[in-house]
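Report on one structure; see the data block that follows.
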């Protein structure tokens, strides 16, 4: 992982490096409004607290909101095609680590 320019841009608060993988990496903030579905949120929270060998996969129109509600953190999401690109995966890992995102 090469993060020199990205870390420097983040620390300095500058736009020297593209930290969005060409727009394919998006940062999403949590809504201040209640999401609802408390039972589902609790099940997701349990899965997040006790990760298994397989990745957690959520689907549906409110999956992102449910994930953020369960984790209590904002999210960083990556375009599915960009997930195959090492530089984009590095940008995602850096955003999650530096910005406390899910």
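Sub-6 Å Cβ pairs linking a first residue in the stretch 33-47 that is closer than 15 Å to residue 72 by Cβ to a second residue that is not in a helix (DSSP H, G or I), at least 6 apart or interchain, are 47/56, ordered by first then second residue. Within the stretch 35-65, the set of residues being closer than 14 Å to residue 102 by Cα, surrounded by 13 or more Cβ atoms within 10 Å (Cβ to Cβ) and touching a helix residue (DSSP H, G or I) at 6+ places or on another chain (Cβ under 7 Å) comprises 44, 45, 48, 58. Summed over the stretch 54-80, residues that are over 12 Å from the mean Cα position of the chain (by Cα) and modelled with pLDDT under 90 total 5.
Considering the stretch 66-76, the residues that are touching a residue at least 40 places away in the same chain (Cβ under 8 Å) and touching a helix residue (DSSP H, G or I) at 6+ places or on another chain (Cβ under 7 Å) include one that is farthest from residue 21 (Cα to Cα), namely 74.
The values are calculated or read from the model by the stated rules, or taken from the named source; none is laboratory data. Source: prediction; values computed, not measured. Using ideal geometry, Cβ is built from the backbone for each residue, glycine included, and neighbour counts are taken over all protein chains shown.
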